[in-house]
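Take a look at the structure below.
The values are calculated or read from the model by the stated rules, or taken from the named source; none is laboratory data. Here the structure is a predicted model, which means the values were calculated and not measured. Here Cβ is always computed from backbone atoms with ideal geometry, including for glycine, and neighbour counts include all displayed protein chains.
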Amino acid sequence: MRKTSCADSTGLRALPARTIVRAIADAAGRWADADFPPRVRATAAIGERLGYTTPVVDYALDRLFRGITSDALTAAITGELGSLDILDGFAERNGRPAAWARGTNAVTIVSSDTTIGVAIVPLVFALAAKCAVTVKDRTDALVAAFVETLGEERPELRAATDVRAWSGGDDDIEVQTLGDADVVVAFGGNEALRSIRARCAPDATFIPFGHRASAGYLTAAALAGDTVALAAGVARDALLYDGDGCLSLHLLFVERTSDGAHERFVDTLAAACAANAVEFPAGPRKPARAARVGAYAAAAAFRSANGTGRVLRAPDGTWTIVADPPADDLPPFGGGVIPIVFVDGVAGAAAYVGRHALPLQALGVASVDDARELAVALGGVRIAPFGHMQDPPLAGHHGGRARIADFIRWVDRA
Amino acid sequence: MNEDYRAQADALDARIRTAIADFALDEPAFDALACDVFAHQFRWNAPYAAYARSLGVSENALPRTAGAIPAVPGEAFKDAALCTVAPERAALWFETSGTTQARSGRHYLESPALYEAALLAGFDRALLADGASLRYAMLVPDPRERPHSSLGYMMATIARERGAGEAGWYLHDERLELPRLTAGVAHAQADGVAVCVATTAFALVALLDELAASGRRLPLPPGSRVMETGGFKGRTRIVGREELYARAAEAFAIDESAIVAEYGMTELSSQYYDSPASRWSAIRIKLPVPWLRPIVVDVAGNPLADGSVGAIRHIDCANRSSAVAIQTEDLGVITADGLLLLGREEGAALRGCSLDAEDLLRR
């Protein structure tokens, strides 16, 4: 049996799952209030760390904490495990042996530097499973602050959580937190994930969330409707968090139309981007990213001047729309850039995605009626209406994976 | 050939060659020459002119300072033939590898004369200021295999014009030929000739790794030196400059100050080198040749004050037949001593929910 050093789930295991879920939801409810003092402090710290403005951070924290409700947690757990009570002990199951969804002993979460609070959702599900959890926190200490609130609701939750802000290369901590965990949740690129996986125990469950891109697909039929609302949704999906999330829209496919509506949509989108920049002002961009985005925009402007494609850009570079980029070019992935690839149908989009081997995470659409066809053609694990790509419901899956099932081991009573 | 064009081009080439020969060009003269080169390109280089027009330049509103010249992004070389003559009339073309994209482009040059004069003058000042006659050991692309590599062409020209004995090319199909290199160095040692190892950073790492794996060194003859260029674009193994130079100095039995970094681009005709004063320092400062100037710009392309971090724009007057102003993604700071190169964000990266895991391993 492995055990992390500071997180102790003994008390938590004595609590009914319903009590835990209620306590988590109550803590999240307090954090859903923008005036809650720990949230105010965290908002400032997150803004300082990531360079996002307060409206952007507030939007993210609203979406995060308002989604963590008792109903949503219960729905997710019940959907995956069959019931909430099954986390407390054996439960009878129709036609199957009685089973107990027993939380693993130790979970380690190595979270995100580019997004806000990505560790919190796996944390609350691991706690609901009664695991001892170690989380690598960021300099904004958001996770640590939330855990303090959890502890105010139930001290057992604080005791079961060890939030650390260690530096990479600290072998003692890494060997312990990665090597001793039964489950490791990690976010990052392939190289980093491979290295983390190598440090995990042989029988540990490794849950990698690798780098992903997200795209939108706009049909010709949709262009005949309310394009202003569609454009507002696209702009929000692409520009919020400067396109830094795996659920951010990094690329938009637009079907060509015989009446030029696809071309006109570019202008509609530009207006939406300008409006979005007012609602969610952009913060300062790092010089390296600014240079890369500037070069991409300049190359598009050069092509446009020579008769190929269009580029529309905010004077301060906050957003950039590049219509009809070369098919061989990768999108720049974020930085306020929305490359628009005109296609004659889903097959054209699939060819682009295939050419670049893009691992799609989310797909934004005007109507979810086409979800299955698009998922088959383009891949992706989340299909959402424009404007909601980065707002995944808690009761849904995360990156195509279960929310809580990876944190438990089934004990059958035959 | 249009007579107007020829007269204008020849006159400009003569002015540039004078600057090269003098190895001097003061600020007003640089502005004047750069603006005249641009005006020439505005007339004869149609894609560049179209781009400049889209930015508000016209025959009646031509730039009056180098900083006001519209800079073409490096990627533009993939989308158009940026040349004042038809591409088929260009004497040379070099293939640009680009940065983040799969497509390649071409830098066309009307004649090799200006290109060679510019590169030789820069190299002479940076690496041959003591008048040394060196034998060249090349860990850069062999022009016989990659005739459109600007780096290979540059080093072949230097070896041909300045070399003491036949240069050795020891990198083939990206594989290092260590036994031949070792023999070449031994031969130079026996001849009493100092060696210049011209190498990309990645090839240097490969060489040092191979030497280390066999527990060997490769002492160079007295007076030898290393010209390092490139970087680690697209490579999985990245080694810090300080570590690399320390290892190279130890392996070659030379002083670290004998390692000089060159900073250039296929899209340029001229190069930067480590300033002599900074070669003993942990922070190397790049000096341009007099007919090349860096400008650091913000995201909107506006020049920044010295000391500010921004994207580097090169104004290279020797690019007379292509594009005089090139915008890069490289970050830098202009200091009182020269250009501090800060590198770039490596490639377009998929955005994950996290960079944290990478921090965990790299910090």
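Summary of computed values
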item	result
Cβ pairs under 8 Å, 6+ apart, first in region B:6-20 and charged (D, E, K, R), second surrounded by fewer than 14 Cβ atoms within 10 Å (Cβ to Cβ)	B:Asp13/B:Ala113
Within region B:242-288, tally of residues that are out of contact with any Ser or Thr (no Cβ under 7 Å at 6 or more places or on another chain), over 17 Å from B:Thr200 (Cα atoms), assigned to a loop (DSSP other than H, G, I, E, B) and not assigned by TED's automatic domain parsing to the domain that holds B:Ser214	7
Count of residues meeting criterion [surrounded by 14 or more Cβ atoms within 10 Å (Cβ to Cβ) and part of a loop (DSSP other than H, G, I, E, B)] in region B:183-211	2
Positions within region B:50-81 being facing chain A (nearest Cβ under 10 Å), of a type in the set (A, V, I, L, M) and surrounded by fewer than 20 Cβ atoms within 10 Å (Cβ to Cβ), in sequence order	B:Ala50, B:Leu55
For A:Arg63: the one exception among (1) in a helix (DSSP H, G or I); (2) surrounded by fewer than 22 Cβ atoms within 10 Å (Cβ to Cβ); (3) over 16 Å from the mean Cα position of the chain (by Cα)	(3)
Filter result (outside any loop (DSSP other than H, G, I, E, B), within 14 Å of another protein chain (Cβ to nearest Cβ) and surrounded by fewer than 18 Cβ atoms within 10 Å (Cβ to Cβ)) within region A:379-414	A:Arg401
Residues satisfying the stated conditions in region A:328-351, i.e. aromatic (Phe, Trp, Tyr) and either more than 14 Å from every other protein chain (Cβ to nearest Cβ) or surrounded by fewer than 22 Cβ atoms within 10 Å (Cβ to Cβ) (or both)	A:Phe342
Residue, farthest from the chain's Cα centre (by Cα), within region A:292-318, restricted to residues that are more than 7 Å from chain B (Cβ to nearest Cβ) and farther than 17 Å from A:Ile338 by Cβ	A:Gly307
Verdict on A:Leu157 being more than 14 Å from every other protein chain (Cβ to nearest Cβ) and either of a type in the set (S, T, N, Q) or surrounded by 20 or more Cβ atoms within 10 Å (Cβ to Cβ) (or both)	yes
Test result for B:Leu127, more than 14 Å from chain A (Cβ to nearest Cβ), surrounded by fewer than 23 Cβ atoms within 10 Å (Cβ to Cβ) and under 30 Å from B:Leu181 (Cα atoms)	yes
Sole residue being in the same structural domain as B:Asp255 (by TED's automatic domain parsing), of a type in the set (D, E, K, R), over 25 Å from B:Glu267 (Cα atoms) and assigned to a strand (DSSP E or B), chosen from B:Arg180, B:Arg135	B:Arg135
Odd one out for B:Leu127 among (1) touching a Lys or Arg at 6+ places or on another chain (Cβ under 9 Å); (2) aliphatic (A, V, I, L, M); (3) closer than 26 Å to A:Asn306 by Cα	(3)
Checklist (1) in a helix (DSSP H, G or I); (2) modelled with pLDDT under 95; (3) not polar (S, T, N, Q) applied to B:Leu12, failing item	(2)
Flag for B:Gly310 being more than 17 Å from the chain's Cα centre (by Cα), modelled with pLDDT of 90 or more and within 11 Å of chain A (Cβ to nearest Cβ)	yes
Residues within region A:180-228 that are away from chain B (no Cβ under 14 Å), within 26 Å of A:Leu330 (Cα to Cα) and of a type in the set (A, V, I, L, M, F, W, C), tallied	4
The one condition in (1) farther than 29 Å from A:Pro55 by Cα; (2) in a strand (DSSP E or B) that A:Ala192 fails to fulfil	(2)
Residue check for A:Arg289: under 29 Å from B:Thr328 (Cβ atoms), more than 10 Å from chain B (Cβ to nearest Cβ) and among the charged types (D, E, K, R)	no
Test: A:Val322 is more than 13 Å from chain B (Cβ to nearest Cβ), surrounded by 17 or more Cβ atoms within 10 Å (Cβ to Cβ) and touching a helix residue (DSSP H, G or I) at 6+ places or on another chain (Cβ under 6 Å)	no
Test result for B:Ala311, without any contact (Cβ under 8 Å) to a residue 60 or more places away in the chain and surrounded by 24 or more Cβ atoms within 10 Å (Cβ to Cβ)	yes
Helices (runs of 4 or more DSSP H) within region A:1-54 that include 2 or more residues β-branched (Val, Ile, Thr)	A:17-31, A:37-50
Candidates B:Asp298, B:Asp274, B:Asp337, filtered to the one that is acidic (Asp, Glu), within 14 Å of chain A (Cβ to nearest Cβ) and at negative phi	B:Asp298
Selection within region A:121-137 - crowded, with 24+ Cβ neighbours inside 10 Å and either within 10 Å of chain B (Cβ to nearest Cβ) or of a type in the set (A, V, I, L, M, F, W, C) (or both)	A:Leu123, A:Val124, A:Phe125, A:Ala126, A:Leu127, A:Ala128, A:Ala129, A:Cys131, A:Ala132, A:Val133, A:Val135, A:Lys136
Residue check for A:Pro359: facing another protein chain (nearest Cβ under 10 Å), at pLDDT below 95 and under 17 Å from B:Gln327 (Cβ atoms)	no
Residues satisfying the stated conditions in region B:82-112, i.e. free of Cβ contacts under 8 Å to residues at least 12 places away in the same chain and away from chain A (no Cβ under 11 Å)	B:Ala86, B:Glu88
Output for region A:196-218, where each listed residue is surrounded by 19 or more Cβ atoms within 10 Å (Cβ to Cβ) and either closer than 19 Å to A:Leu363 by Cα or polar (S, T, N, Q) (or both)	A:Phe209, A:Gly210, A:His211, A:Arg212, A:Ala213, A:Ser214, A:Ala215, A:Gly216, A:Tyr217, A:Leu218
Residue satisfying condition, being over 23 Å from B:Glu88 (Cα atoms) and assigned by TED's automatic domain parsing to the domain that holds B:Asp316, within set B:Arg17, B:Arg6, B:Arg43	B:Arg17
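Conditions tested, residue by residue: (1) under 15 Å from A:Gly117 (Cβ atoms); (2) at pLDDT 95 or above; (3) touching a helix residue (DSSP H, G or I) at 6+ places or on another chain (Cβ under 6 Å); (4) polar (S, T, N, Q).
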{"residue": "A:Lys3", "(1), (2), (3), (4)": "no, no, no, no"}
{"residue": "A:Arg13", "(1), (2), (3), (4)": "no, yes, no, no"}
{"residue": "A:Arg49", "(1), (2), (3), (4)": "yes, no, no, no"}
{"residue": "A:Phe65", "(1), (2), (3), (4)": "yes, yes, yes, no"}
{"residue": "A:Leu73", "(1), (2), (3), (4)": "no, yes, yes, no"}
